[in-house]
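See below for the structure under consideration.
The values are calculated or read from the model by the stated rules, or taken from the named source; none is laboratory data. Since the structure is predicted, the reported quantities are computational estimates derived from the model, not experimental observations. With ideal geometry, Cβ positions are generated from the backbone for all residues, glycine too; neighbour counts draw on all protein chains shown.
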Amino acid sequence: MKLRLLSLFLALTLLLCGCTDMPVQELPQPSLDPDSTGNNILTVHFIDVGQADCALLESDGQYILIDGGNVEDGQLVISYLEQQGVEELSAVFCTHAHEDHVGGLPSVLAVYPTAAVYAPTRTYASNVFDDFMYYVDQQGLEVTIPEPGDELSLGQARITVLGPTQSYAETNNTSIVLLVEFLNTRFLFTGDMETSAENDMLDYWGDDLDWNVDVLKVGHHGSNTSSGYRFVYETDPEYAIISVGTGNSYGHPNEEIVSRYNDAGVPMFRTDELGTILAVSDGQTITVTWENSQKEPADVEPADTRYIGNANSRKFHSSTCGSLPKEENRVYFDSYEEAIEAGYTPCGSCLN
């Protein structure tokens with residue numbers, strides 16, 4: 001604790017002296033001291049911020065915040081961090097510049113000393129993003145724009161940047177994608193990345209990366225623009241967490257996406273039903289609990305879906321695809337995985 005207080009004193013002294021010109025470094029490692037208890041636990045708090053995103057990672061007395069909800073969620077996030085005993089942040093990630101992800105971060109940065117800040121851009125035409133950059137500057141920091149393959153640590157957890165792997169005009173597709181590995185457990189955060197960028201990322205890493213994860217923070221609040229068939233089945237999560245607002249006007253999560261995860265046998269945990277959700281890893285197993293004890297996650301109800309392969313092209317399709325083969329050329333599969341294992345490739349139109 002004395003070292004932490006000394007670090008805070010030195011940081012405040014630098015700010016008061018106007019020494020704010022710090023060079024940008026590639027994924028600087030957190031400079032905060034780990035908890036001397038050596039607690040072998042990673043806790044991920046999926047904070048209920050309504051129709052927005054915010055997650056707190058906690059390990060060995062260190063904390064990383066991924067997104068901060070909307071502007072009006074700023075005080076809620078600060079209160080939650082206070083309840084968890086957070087005094088400073090090892091890092092803050094703004095996955096992308098939309099208000100429902102960056103909005104609450106200026107409030108957080110105004111209160112909590114932070115070692116490093118990451119975002120996919122340093123410029124975006126919005127007052128909210130300008131506020132975010134203002135408070136980054138007030139801490140004497142500069143935003144680091146990470147590249148695929150960059151890494152940092154949180155206690156014993158290793159965090160790897162997986163995307164975006166290309167430049168995109170669509171802001172959602174600029175979302176920073178983070179793989180968090182804690183011993184033998186894995187979490188994946190995808191921001192609002194959409195299907196085309198998901199597929200670009202899968203192609204970029206190819207066979208160099210095992211995509212299978214234990215917990216997936218579902219992209220874009222369960223919108224049908226994300227969670228493509230290929231991505232869902234490559235990641236094959238044990239748990240899918242959706243941060244979404246009650247009765248939101250977007251219809252999130254989309255029924256098609258709910259069915260897609262159901263068909264893959266993945267239980268869904270929704271903040272609009274369960275409140276704040278905790279996923280606690282001891283490095284081998286993950287325990288998921290939630291705020292609203294009166295509710296339970298929806299049971300997995302696999303859809304009665306069959307996939308139709310073309311014996312000639314060796315492609316397979318959804319049953320509603322407009323490019324289905326003639327009856328004599330059809331091969332039927334009970335699941336997406338069965339078709340893949342049979343050597344068929346998914347249709348690029350209906351099974352993105």
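For the range 314-332, the criterion of being assigned by TED's automatic domain parsing to the domain that holds Asn212, touching a Leu at 6+ places or on another chain (Cβ under 9 Å), of a type in the set (S, T, N, Q) and touching a residue at least 24 places away in the same chain (Cβ under 8 Å) is met by no residue.
In the range 269-286 there is at least one residue matching the filter, namely being among the charged types (D, E, K, R), in the same structural domain as Thr190 (by TED's automatic domain parsing) and either assigned to a loop (DSSP other than H, G, I, E, B) or in contact with an Asp or Glu (Cβ under 7 Å, 6 or more places away or on another chain) (or both).
Please enumerate the residues belonging to the range 100-113 that are more than 13 Å from Leu56 (Cβ to Cβ) and crowded, with 19+ Cβ neighbours inside 10 Å.
If the condition is that a residue be more than 13 Å from Leu56 (Cβ to Cβ) and crowded, with 19+ Cβ neighbours inside 10 Å, then Asp100, His101, Val102, Gly103, Pro106, Ser107, Leu109 are the ones that fit.
Just so you know, in the range 311-346 the residues that are assigned to a helix (DSSP H, G or I) and acidic (Asp, Glu) include one that is nearest to Arg260 (Cα to Cα), and it is Glu337. Looking for something aromatic (Phe, Trp, Tyr), in contact with a Phe, Trp or Tyr (Cβ under 7 Å, 6 or more places away or on another chain) and closer than 26 Å to Asp207 by Cα - is there at least one such residue anywhere in the range 261-279? Checked against the condition, which is being aromatic (Phe, Trp, Tyr), in contact with a Phe, Trp or Tyr (Cβ under 7 Å, 6 or more places away or on another chain) and closer than 26 Å to Asp207 by Cα, the range 261-279 yields no hits at all.
Scan the range 53-95 for residues that are of a type in the set (A, V, I, L, M) and farther than 19 Å from Val117 by Cβ and jot them down. Within the range 53-95, just Leu76 meets the criteria.
Could you tell me how many of the residues in the range 87-104 are part of a loop (DSSP other than H, G, I, E, B) and within 23 Å of Glu151 (Cβ to Cβ)? Walk me through it before giving the result.
Narrowing the range 87-104 to residues part of a loop (DSSP other than H, G, I, E, B): 87-88, 90, 94-98, 103-104.
Filter once more, so that each one left must be within 23 Å of Glu151 (Cβ to Cβ): 88, 90, 94-96.
Adding up the residues that qualify gives 5.
Filtering the range 201-234 to residues that are surrounded by 23 or more Cβ atoms within 10 Å (Cβ to Cβ) and among the charged types (D, E, K, R) leaves only Lys217. The residue list Pro106, Pro164, Pro146 contains one member that is within 30 Å of Cys350 (Cβ to Cβ), modelled with pLDDT of 95 or more and within 20 Å of the chain's Cα centre (by Cα), which is Pro164. For the range 35-44, the condition holds for at least one residue, the condition being that it is out of contact with any Leu (no Cβ under 6 Å at 6 or more places or on another chain), of a type outside the set (Val, Ile, Thr), modelled with pLDDT of 95 or more and farther than 27 Å from Arg122 by Cβ. Return a yes/no flag: does the range 193-200 have any residue that is in contact with a helix residue (DSSP H, G or I) (Cβ under 7 Å, 6 or more places away or on another chain), in a loop (DSSP other than H, G, I, E, B) and either surrounded by fewer than 20 Cβ atoms within 10 Å (Cβ to Cβ) or in the same structural domain as Ser90 (by TED's automatic domain parsing) (or both). The answer is yes; a qualifying residue exists.
For the range 68-75, the criterion of being outside any loop (DSSP other than H, G, I, E, B), in the same structural domain as Val108 (by TED's automatic domain parsing), acidic (Asp, Glu) and surrounded by fewer than 22 Cβ atoms within 10 Å (Cβ to Cβ) is satisfied by at least one residue.
Quick check on the range 147-160: of everything there that is of a type outside the set (Asp, Glu) and surrounded by fewer than 21 Cβ atoms within 10 Å (Cβ to Cβ), which residue is nearest to Leu109 (Cα to Cα)? Filtering the range 147-160 for residues that are of a type outside the set (Asp, Glu) and surrounded by fewer than 21 Cβ atoms within 10 Å (Cβ to Cβ), the one nearest to Leu109 (Cα to Cα) comes out as Ser153.
Of the residues Gly219, Gly228, Gly206, Gly245, the single one that is assigned by TED's automatic domain parsing to the domain that holds Leu274 and in contact with a His (Cβ under 9 Å, 6 or more places away or on another chain) is Gly245.
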